[in-house]
Amino acid sequence: MKKKITLKQIAKELDVSISTVSKSLRNSPEIGEDTRLKVQAFAKFYNYKPNNIALSLKNRKTKTIGIIIPEIVHHFFSTVINGVEQVANENGYSVIICLSDDSFDKEVLNMEMLANGSIDGFIMSLSKETQFKGDFHHITEVINQGMPVVMFDRVTNEILCDKVIIDDKLAAYEAVQSLIDKGRKKIALVTTVDYVSVGKLRTDGYTKALLDNDIPFNDELIIKIEDIDTCEITIGKLLEDKAIDAVFAVNELFAVTIIKTAHKIGLNVPNDLAVIAFTDGMISKYSTPTITTVSQSGIKMGNIAAKMLIERLELEDEEENESYKTEVIETHLIERESTK
């Protein structure tokens, strides 16, 4: 009797990606014929039975929601989970949480594992690698097989589903405008790489605020952090070389690193350098100085995402509702010591 084999094992045995295996098994024209036939022959030999992402049928309810998030240590994502759990538990649903670690392959495997009958629907925020690849086939399969998906925060316009977001561009614009209103003129941006959707939108908001106030745009004042382990070195070079008077950081970790680095080189926050960040977490409230932040209302985002998903799951009408909604949650600036 042949051993039971998984999607991941097929990919490893044939030295191809999980995405290639998945697409080959679906006869995707994106994959060359030789590769497709090789994958299909291997799968047939080992009698591979895919979980068929979304095998959980509509008539087989588990009263369980699956959440896939990119990282667990981020305060924002933990508050979204809390928000989802509040609404889910009130409606008799349980929650299973999976971590993608910003990996495309892990995101695909998580979906395959959960959709084998363990859950009724997904709430998810895309991994960085998924956004970089622009490959959303695993999500499309889920939706095509009748399993609802609600995306939050990091979303894509290429997938038709319900979404919960903030207006990242407007929130960033207002944060930078507040720095300008305080007399800051040389404002840097510490952000993520462009393929992360929220980082790109926040960069757009930063740029627009500068241009609307006739402040020259300087690309050298935008630092895009890809490797968190080296961000302190990159930020140090920015603060030492550019004589800036303010920094807008797209997350809390970047902000606290900026403050730590500024202190090391003798800059006073906020007198010499004002700092604003996204995400109103514990770090912002208890760092020295405390950090001015854009509040993302993670609990509210989780509440709304759960309500949207449960509404989909409990539709009495068996016909699929093709009208999807995008809920935009308002943000507000919480002023603290780092800008006063």
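Listed conditions (1) in contact with a Leu (Cβ under 8 Å, 6 or more places away or on another chain); (2) part of a helix (DSSP H, G or I) are all met by Val294, apart from (2).
Meeting the requirement of 3 or more residues that are in the same structural domain as Ala305 (by TED's automatic domain parsing), in contact (Cβ under 8 Å) with a residue 60 or more places away in the chain and within 19 Å of Ile225 (Cβ to Cβ), the helices (runs of 4 or more DSSP H) wholly within the stretch 127-198 are 128-133.
Of the candidates Val95, Val87, the single residue that is under 23 Å from Thr279 (Cβ atoms) and not in a helix (DSSP H, G or I) is Val95. For the residues Thr191, Thr230, the requirement of being within 30 Å of Ile123 (Cα to Cα) and either polar (S, T, N, Q) or surrounded by 15 or more Cβ atoms within 10 Å (Cβ to Cβ) (or both) singles out Thr191.
Answer yes or no as to whether Val142 is aliphatic (A, V, I, L, M) and buried (at least 22 other Cβ atoms within 10 Å of the Cβ).
Considered against the rule, which asks whether it is aliphatic (A, V, I, L, M) and buried (at least 22 other Cβ atoms within 10 Å of the Cβ), Val142 comes out as yes.
Within the stretch 293-307, residues that are over 9 Å from Phe278 (Cβ atoms) reach partners that are of a type in the set (Phe, Trp, Tyr) with beta carbons closer than 6 Å, at six or more positions or on different chains, in the pairs Gly298/Phe76; Met301/Phe152; Ala305/Phe152.
If you scan the stretch 98-145, which residues turn out to be on the phi < 0 side of the Ramachandran plot, at pLDDT 90 or above and among the acidic types (Asp, Glu)? Those that are on the phi < 0 side of the Ramachandran plot, at pLDDT 90 or above and among the acidic types (Asp, Glu): Asp105, Glu107, Asp120, Glu129, Asp135.
Glu311 meets all of the listed conditions (1) outside the structural domain of Ala172 (by TED's automatic domain parsing); (2) among the acidic types (Asp, Glu); (3) touching a His at 6+ places or on another chain (Cβ under 9 Å) but one, namely (3). State yes or no: is Leu253 assigned to a helix (DSSP H, G or I), within 27 Å of the chain's Cα centre (by Cα) and within 24 Å of Ser295 (Cα to Cα)? Yes: the conditions hold for Leu253.
The values are calculated or read from the model by the stated rules, or taken from the named source; none is laboratory data. Remember, it's a predicted structure, so these values are computed and weren't measured experimentally. A quick note on method: Cβ atoms are made from the backbone with ideal geometry, for glycine too, and the neighbour counts reach across all protein chains shown.
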